[in-house]
Structures are given as structure tokens and as C-alpha cells.
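For reference, the structure is listed below as C-alpha cells.
The values are calculated or read from the model by the stated rules, or taken from the named source; none is laboratory data. None of these values were measured; they are calculated from a predicted model. These area figures cover heavy atoms from the full protein model, side chains too; ligands, DNA and RNA do not enter into them. Shrake-Rupley method; radii C 1.70, N 1.55, O 1.52, S 1.80 Å.
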Amino acid sequence: ISPSDAMQHVLGYAVGLDMTLRDLQSEAKKKGRPWTIAKGFDTSACVSEVLPKENLGNIMQQDVKLLVNGTVRQNGNTSDMIFDVGAIVSYVSRFFTLERGDLIYTGTPKGVGPVGTGDQLQAVLGENLLTVHAKVG
């Protein structure tokens, strides 16, 4: 998909939590093994509903937040992204066939940190338009 056509392939936007088990990741890295298992466990990638792109406004001007137990842990804006959405879609399409319903996680604001059992997570995109809640189990 060319960068100039990429946005025609975007249905909408969602916000998600892309969790990592850092202990498994560190162990696998030390042993020179793939650490995919640290990213692919039950409830590792929860996602909100998908909002049609027309309903969100300019995707490159949206606030992104993560609250942990009601306290803001991460706070950024999509304008801080290194690459815009069109460039990301175009790049990813060079390696994967993108189909309707595919999700591309684009990154996270600074402030990534540990969470513990029982923590309540809330990720927000835009002015509370898209929200996903999760409880660390």
C-alpha cells in the first residue's frame, strides 16, 4: 500500500493495552531465545471498540493516556509519534497482507512501568471517546 493510499485502508481507531511479562522477556533475552511468549499471554492485548475514523477527527492530534488505579501513568499525544498512521500502514503492508479487521498497535507514550495483581488499568484515546479497562490478574 503506498503512503498516499494508506489512509483509504484505515476503517477506524481503537485504544489497546499491549502488555509484556518483563520477567519472561528478560529470561528469554538472557538465553538468546525469542521472547514472543512474553507478549502473547491471555489478556495481553485487550482493545476498545473501534470508532470509525470519521468520528475521531485528526488522528495525529489526539491525546493518549493510561491510568493505573485512577492515577495518570502515561500521557501523550499522537502528534508525538515518530511516524504518522499512513506511513505505518504503508510500511507494515510491505511485510503482511492487511485485511479488514486487522489491528496495528502503533506505540505508547513515555511512562511504561510495572503493574501488579489487582491494579486497574484504563487506556484512553481522544477526549474519552475510546476507552479500554483491564484488571491485572
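Rolling a 1.4 Å probe over the heavy atoms of the protein chains gives the chain an accessible area of 67 Å² per residue. In the distance distribution for the stretch 1-121, Cα-Cα pairs more than 18 Å apart total 62 percent. A straight line joining the Cα centroids of the stretch 1-52 and the stretch 66-91 runs 13 Å. Entry note, the chain: the mean residue ellipticity at 222 nm calculated from DSSP H runs of n ≥ 4, each adding -39500 (n - 2.57), is -3500 deg cm²/dmol after division by the residues and rounding to the nearest 500.
With contacts taken as Cα pairs under 8 Å and at least 6 residues apart, the chain reaches a relative contact order of 31 percent.
Phi-derived couplings, Karplus 6.51 cos²θ - 1.76 cosθ + 1.60 at θ = phi - 60°, listed residue by residue for the stretch 109-121: x, 4, x, 4, x, x, 10, x, 3, x, 4, 9, 10 Hz, with x used for Gly and Pro. Please work out, to two decimal places, the log10 of the ratio I(q)/I(0) at q = 0.16, 0.18, 0.25 Å⁻¹ from a Debye calculation in which every Cα of the stretch 52-137 carries one identical scatterer. Reported log10 I(q)/I(0), two decimals: -0.75, -0.90, -1.27. Amide hydrogen proximity for N77: with H placed 1.01 Å from N in the peptide plane, the residues at 5 or more positions away or on another chain lying under 5 Å are V64. In this structure, the amide hydrogen of D18, modeled 1.01 Å from its nitrogen in the peptide plane, lies closer than 5 angstrom to no residue at least 5 positions away or on a different chain. Split the accessible area of the chain by element, probe 1.4 Å, and carbon with sulfur accounts for 52%.
Backbone geometry of the stretch 84-101 corresponds, through the Karplus equation with coefficients 6.51, -1.76 and 1.60 at θ = phi - 60°, to 3J(HN,Hα) couplings of 7, 4, x, 5, 5, 4, 4, 4, 4, 5, 6, 10, 10, 6, 8, 10, 3, x Hz, x marking Gly and Pro. Phi angles across the stretch 37-46 convert, under the Karplus curve 6.51 cos²θ - 1.76 cosθ + 1.60 with θ = phi - 60°, into 3J(HN,Hα) values of 4, 6, 10, x, 10, 3, 6, 6, 9, 6 Hz, Gly and Pro given as x.
Here the relative contact order of the stretch 72-137, from alpha carbon pairs under 8 Å that lie six or more residues apart, stands at 30 percent.
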